[in-house]
Each structure stands twice: as structure tokens, then as C-alpha cells.
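Here the structure is laid out as C-alpha cells; the discussion comes afterwards.
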Amino acid sequence: MATGDLITQTRALDNLNNRSLSSNESTTVNDLITSVSYAIRRYCNRDFFQNTCDELYSGNGSQRLLLRQLPIISIQRVAYGPTAS
């Protein structure tokens with residue numbers, strides 16, 4: 001399983017009724033998993049793995065702030081105005 005793959009080969013094979021694969025087919029399935037996982041992350045414009053990120057917004061005067069990465073596990077800091085960290 002490559003870094004960033006959204007499913008394992010075992011999970012993919014479950015969808016193929018646990019079909020036996022040749023070595024070449026197994027390599028192809030792994031490559032497809034990696035490629036499609038990348039395409040999904042790019043289409044959704046987000047990662048699906050826990051990570052630390054820093055988001056900056058200029059604001060629009062609203063009391064709501066829609067973040068790019070979900071779900072939120074914790075927030076370290078919220079700042080208003082041009083201040084140094």
C-alpha cells in the first residue's frame with residue numbers, strides 16, 4: 001500500500017469477489033488504487049488522513065468560517081488581525 005492510498009488491495013479484491021490475480025494484475029490493481037486515490041484527493045481538494053495544517057483566511061465579515069480540511073480533531077490557534085505567532 002503506497003502512502004496516500006485510500007483503500008488496500010485486499011479491500012479492492014473484496015469488490016472483485018476475492019478473485020485471484022496474476023502478478024501483473026496485482027501490480028495493475030495497486031497502480032490503479034494509487035492513481036484513483038490521488039484523483040479523489042485532488043477532486044475533493046483535501047486529504048483524508050490525519051495531519052496538521054495551517055489555514056489563513058482574509059475573512060468576509062461573517063461569523064462563520066468554513067475550513068478546507070475536515071473533520072477537525074483540534075484547533076491550536078485562532079487569531080484576528082496581523083499579529084505574529
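The values are calculated or read from the model by the stated rules, or taken from the named source; none is laboratory data. As the structure is a prediction and not an experimental result, all values here were calculated from the model. No Cβ is skipped: glycine too gets one built from the backbone with ideal geometry, and neighbour counts run over all protein chains shown.
So here's what we get for this one:
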| quantity | calculated |
| --- | --- |
| Qualifying residue in segment 11-26 (condition: modelled with pLDDT of 85 or more, surrounded by fewer than 10 Cβ atoms within 10 Å (Cβ to Cβ) and assigned to a helix (DSSP H, G or I)) | yes |
| Given (1) among the hydroxyl-bearing types (Ser, Thr, Tyr); (2) modelled with pLDDT of 85 or more; (3) within 16 Å of the chain's Cα centre (by Cα), number of the condition THR3 does not satisfy | (2) |
| Options ASN60, ASN45, ASN30; residue that is surrounded by fewer than 10 Cβ atoms within 10 Å (Cβ to Cβ) and over 12 Å from the mean Cα position of the chain (by Cα) | ASN60 |
